[in-house]
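The values are calculated or read from the model by the stated rules, or taken from the named source; none is laboratory data. A quick note: this is a predicted structure, and the numbers were derived from the prediction, not measured. Don't worry about glycine lacking a Cβ; one is built from the backbone with ideal geometry, like all the others, and counts go over all protein chains shown.
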Amino acid sequence: MKRHTIIALMQDQPGVLNRAVSLFRRRGYNIASLAVGHTEIPNISRMTVVVESDEVEQVVKQLDRLIEVVNVTDVTYESTVDREMTLLKVGALNGNRAEIVALCEVFNAKVVDVSQESMIIEMTGSPAKVENFIEVMEPFGINEMMRTGIIAMVRGAKTSHTHKTYSVEGNGRVSTEALK
Amino acid sequence: MSEKLTGAQIMCEALIREGVEVMFGIPGGTIMPFYYAMYDYQDQLRHILCRHEQGAGHAADGYARASGKVGVCIGTSGPGSTNLVTAIANAYMDSTPIVAVTGQVATSLIGRDAFQETDVTGITMPITKHNYLVKDIEELPRVFKEAFYIASTGRTGPVLIDIAKDVQQSSTVPNWNVELNLPGYHPDRTFDHEEIRDAIALLTEAKKPLMIIGNGVLMSGATEEVRQFAEHMGVPVVTTLHGIGGFPEDHPLSLGMPGMHGWVHVNRAIQECDVLFNVGSRFDDRVTGKMSTFAPNARIIHVDIDESEIGKNIRTDIGIVGDARAVLQEMLKEMPQRDTHEWVEYIRQMQEKHQPKQHYMQRPPEASLMPYDVFTTLSRIINERGNYRVVADVGQHQMWTAQLIDWHKPRTHFSSGGLGTMGFGLPTGMGVAVAKPNDTVWVIAGDGGFQMTNQELQTIVQEGIKNIKVAIINNGYLGMVRQWQELFENKRYSGTPLSCPDFPRLAEAYGIRGLAVDQASAVEDAINSAYEHDGPMVIDFRVEREVNVFPMVPQGKSIGEMIVGAPNPVPEVPRTVEETPMPIETPLVVKG
């Protein structure tokens with residue numbers, strides 16, 4: 001099944017994530033990864049969802065229909081920078097520590113915690129590279145792992161949302177005229 | 001205004017500012033502050049105390065459908081709000097603009113499983129257009145403004161506002177000059193002229209064009225535009241269950257209802273047409289039958305105010321997102337006149353051959369009262385007397401209402417189309433009667449559905465609502481399910497035989513005049529007596545028990561495969577119809 005990457009800008013309000021996510025469930029779509037965070041616009045959050053489905057037009061339209069969703073784009077066929085971060089706790093005894101550190105250097109990964117028997121490694125990269133790194137670490141024994149899910153951004157000057165200017169009112173609200 | 005008001009007073013003021021005159025509800029613990037404040041606003045806000053919140057929700061629905069305004073219903077937290085759920089879901093499926101106001105436990109108790117606490121915003125998330133939980137009194141003016149705006153614009157629908165009890169009790173100086181904070185909501189989007197041109201080009205080339213109209217036509221008030229367009233182009237018009245009244249049925253271009261219980265000639269026309277022009281109907285599965293086989297020869301143009309409807313169920317060649325009325329007005333400017341009489345005549349020949357109502361005219365010799373007797377007589381009398389509104393409940397009688405009454409005017413026929421809510425009839429009729437006090441409102445219900453919400457008879461009595469007349473089509477079964485059991489489950493009548501109270505006596509217990517009719521010859525007098533009686537009335541039509549709704553497309557089948565009648569005993573293979581398609585003389589050329 002094809003993987004689609006969808007970016008949605010949403011008003012930062014209680015319940016909005018619940019609305020968006022339950023929509024995927026209700027319409028029968030499977031979420032492969034989900035990442036949500038703040039954006040350059042006050043009170044607007046950005047959600048990157050990777051969905052496993054051959055067709056996402058319907059779910060994009062349904063997302064757009066949510067009152068608090070300001071903009072939705074399917075960037076699957078755009079040229080994008082995709083990034084994901086992972087934290088790995090690997091078994092690291094005296095014998096293999098050097099080898100792990102060497103591999104981290106190859107992958108541009110950072111060792112962020114070291115103890116007697118284990119190390120925590122932070123690694124950021126494209127989803128494929130993260131996948132690759134995890135494979136390489138597996139022989140050392142992965143005791144704990146966490147992946148953030150993909151965040152994506154369209155390359156070049158173009159933004160994933162079509163409108164470039166936003167006006168923010170004194171009360172911190174995004175003007176209704178903006179983002180149209 | 002610099003006066004301090006309580007949250008509850010702000011709620012009342014906000015409702016008045018939105019033009020609300022009537023509300024349907026039931027008080028309870030967490031909504032009591034609102035009712036306390038409401039006492040001082042009695043002259044401006046009429047409160048109708050219902051007997052069950054579902055009734056209040058449906059009444060608001062009926063009020064909205066009949067008046068074109070936003071209907072308002074009220075419930076307390078917990079069971080009050082969960083009882084509203086069915087009515088909200090019903091309004092959502094049929095795109096009725098209602099605002100449901102519910103009380104919530106105090107902010108300090110939220111999340112503690114407090115007495116009568118229910119996460120109603122969570123529950124209603126998938127069945128509302130939007131909803132709010134208000135925990136800050138300063139939010140109230142904006143939330144009410146947004147709620148009414150969202151409910152009544154774009155594709156209309158229900159909005160729920162859940163308000164914590166302490167918010168209703170606290171006070172502040174309200175700021176009414178609030179702006180809407182809806183950057184992601186654009187109900188006023190305009191369509192592309194290019195799409196209009198493409199649609200016109202396609203319709204101009206069509207040899208067998210067909211127009212199908214739905215709720216969108218009535219919601220946007222486009223009935224006049226539909227008539228102009230149909231006449232200008234000579235295109236025959238199909239009206240879905242919710243499109244009824246959008247095009248007069250005595251018009252030479254009117255074909256009638258499509259779908260599961262649509263007429264044979266209508267479904268055949270859909271299967272044969274080369275361009276299907278859908279205005280404001282959402283290709284519900286009860287219209288399309290098996291979706292992959294629907295309108296196989298047609299290029300499809302779909303006009304809908306909700307973009308997500310386009311291409312949702314049926315592949316669409318041209319999608320136009322916009323208000324039905326505005327789109328038709330735009331198209332009328334450039335649409336060339338067409339002569340399609342050959343196509344229309346062909347459909348009429350089919351109609352002649354398959355006599356739509358033939359099944360109903362076959363009368364078992366021992367039958368003393370057939371549903372057909374009731375519906376044809378009612379149709380004649382209401383059309384003679386005029387000023388009528390008809391609300392159907394859900395089931396066989398709902399389909400007979402659509403099939404056997406002659407419809408001419410918009411907003412005269414009300415039905416629970418999307419959700420198919422049994423129990424919809426009486427409370428919705430109550431809302432319609434309140435919105436249209438000068439019209440006679442007929443509620444047509446089955447004996448099953450009527451027993452689901454008949455407690456609202458007492459609301460009608462308490463409120464002195466006189467212009468409501470109930471016709472129960474009583475066959476002692478959950479008839480539609482029984483029909484399926486007869487046709488597809490070898491007559492295993494599991495859970496469908498239904499006993500009833502003596503409805504006239506039940507009505508009398510409520511202080512309402514009741515009447516029982518079991519002879520065809522008594523129907524006319526009974527209906528006329530309902531008009532002569534200055535007050536509500538319940539007529540129990542005790543009809544032949546096992547009459548079926550035909551034609552019928554079995555669930556999941558193509559609308560080309562219709563059962564037109566099933567003599568008793570049921571033959572192994574029900575009779576279906578076949579037609580030789582009308583040849584298209586020249587191949588269709590598609591532009592754009």
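Here are some notes:
- Flag for B:V327 being assigned by TED's automatic domain parsing to the domain that holds B:D285, in a helix (DSSP H, G or I) and modelled with pLDDT of 95 or more: yes
- Taking the criterion of being loosely packed, with under 15 Cβ neighbours inside 10 Å, within 12 Å of chain B (Cβ to nearest Cβ) and outside any loop (DSSP other than H, G, I, E, B), the residues of segment A:3-32 that qualify are A:N18, A:S22, A:R25, A:R26.
- Hits in segment B:287-306 (condition: assigned to a helix (DSSP H, G or I) and surrounded by fewer than 19 Cβ atoms within 10 Å (Cβ to Cβ)): B:M291, B:S292, B:T293
- Condition check for B:A164: in contact with a Leu (Cβ under 8 Å, 6 or more places away or on another chain) and not assigned by TED's automatic domain parsing to the domain that holds B:G80: no
- Members of segment B:320-369 that are closer than 27 Å to B:V564 by Cα and among the hydroxyl-bearing types (S, T, Y): B:Y346, B:Y360, B:S368
- Of the candidates B:D40, B:D113, the single residue that is assigned to a loop (DSSP other than H, G, I, E, B), at pLDDT 95 or above and surrounded by fewer than 24 Cβ atoms within 10 Å (Cβ to Cβ) is B:D113.
- Some residue of segment B:330-343 being closer than 22 Å to B:R155 by Cα and outside the structural domain of B:P410 (by TED's automatic domain parsing): yes
- Residue check, B:L332 surrounded by fewer than 22 Cβ atoms within 10 Å (Cβ to Cβ), at pLDDT 95 or above and not in a helix (DSSP H, G or I): no
- Of all residues making up segment B:92-116, the number that are hydrophobic (A, V, I, L, M, F, W, C) and within 18 Å of B:Y132 (Cβ to Cβ): 7
- Against the list (1) assigned by TED's automatic domain parsing to the domain that holds B:I460; (2) touching a strand residue (DSSP E or B) at 6+ places or on another chain (Cβ under 7 Å), the condition B:I347 fails is (1).
- Leading residue by the ranking (surrounded by the most Cβ atoms within 10 Å (Cβ to Cβ)) among those in segment B:120-132 that are of a type in the set (A, V, I, L, M, F, W, C) and more than 11 Å from chain A (Cβ to nearest Cβ): B:V120
- Unique residue being without any contact (Cβ under 8 Å) to a residue 40 or more places away in the chain and either within 14 Å of chain A (Cβ to nearest Cβ) or in contact with a helix residue (DSSP H, G or I) (Cβ under 8 Å, 6 or more places away or on another chain) (or both) when the list is B:K135, B:K165: B:K135
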